Amino acid sequence: MLSVVSTVGGIELTGEECDRLVALSRGESSRRAVRARIVLAFAEPTAVPAQVAADLGVAVATVTKWRKRFEVDGVDGLIDAERPGRPKADLVLSAEERDQLQRWARRAKSAQALALRARMVLACAAPGATNKQVAVDVWPGIS
C-alpha cells in the first residue's frame, strides 16, 4: 500500500508524500516539522543518518526512529497518536477576574511580582497557549 521504496542511501517519495512532508515541515508543530525534515533529507540518495542528525540538531537515534516510522506507516506515522489520560483543563476567567488581572498587570512598577503573575495567567488563558509561548510573551528575551 505504501509507495515508499528504500534506495541505497535514501527514500523515494511520491509527489503527494513530498507535498505533505513540505507542508508538515512548515507547519506550526515544531516536532512534526523536524520529523518531516528528517524524511525529506533522506530523499537525497547520499543521506547519512549522522549527517542528517547533525544538520537538524537532533540525535542519530531520533533520525533512525523517524525514518523507520515513515518506512512503515508513511507520512501518517510522523503524527503523534492521541495519548491516554485526562486532558489538560482550560483556564476560564470571568470578565471581572480578567479586568482585575489587567489592572494588576498595569501596576508593574509598584508590584512587579503581582504584575508578572497576572500577565502569566492572562497569557495562559489565551486559546491554544502553550507554556513556551507564554514564556516568550511574558519574557520576550527568552527563546
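The values are calculated or read from the model by the stated rules, or taken from the named source; none is laboratory data. Just so it is clear, the model here is predicted, and its values are computed rather than measured. Cβ: placed from backbone, ideal geometry, glycine included. Neighbour counts: every protein chain shown.
A few points about this structure:
- Total residues in the stretch 23-42 satisfying the condition of being part of a loop (DSSP other than H, G, I, E, B) and at pLDDT 85 or above: the figure is 2.
- Here Leu114 meets each of (1) outside any loop (DSSP other than H, G, I, E, B); (2) modelled with pLDDT of 75 or more; (3) more than 30 Å from Ala43 (Cα to Cα) with one exception, condition (2).
- Some residue of the stretch 89-99 being in a helix (DSSP H, G or I), closer than 30 Å to Val39 by Cβ and at pLDDT 75 or above: no
- If you go through the stretch 4-22 and pick out every residue that is crowded, with 20+ Cβ neighbours inside 10 Å and either among the aromatic types (Phe, Trp, Tyr) or at pLDDT 85 or above (or both), you end up with 2.
- Ala81 in a helix (DSSP H, G or I) and free of Cβ contacts under 8 Å to residues at least 40 places away in the same chain: no
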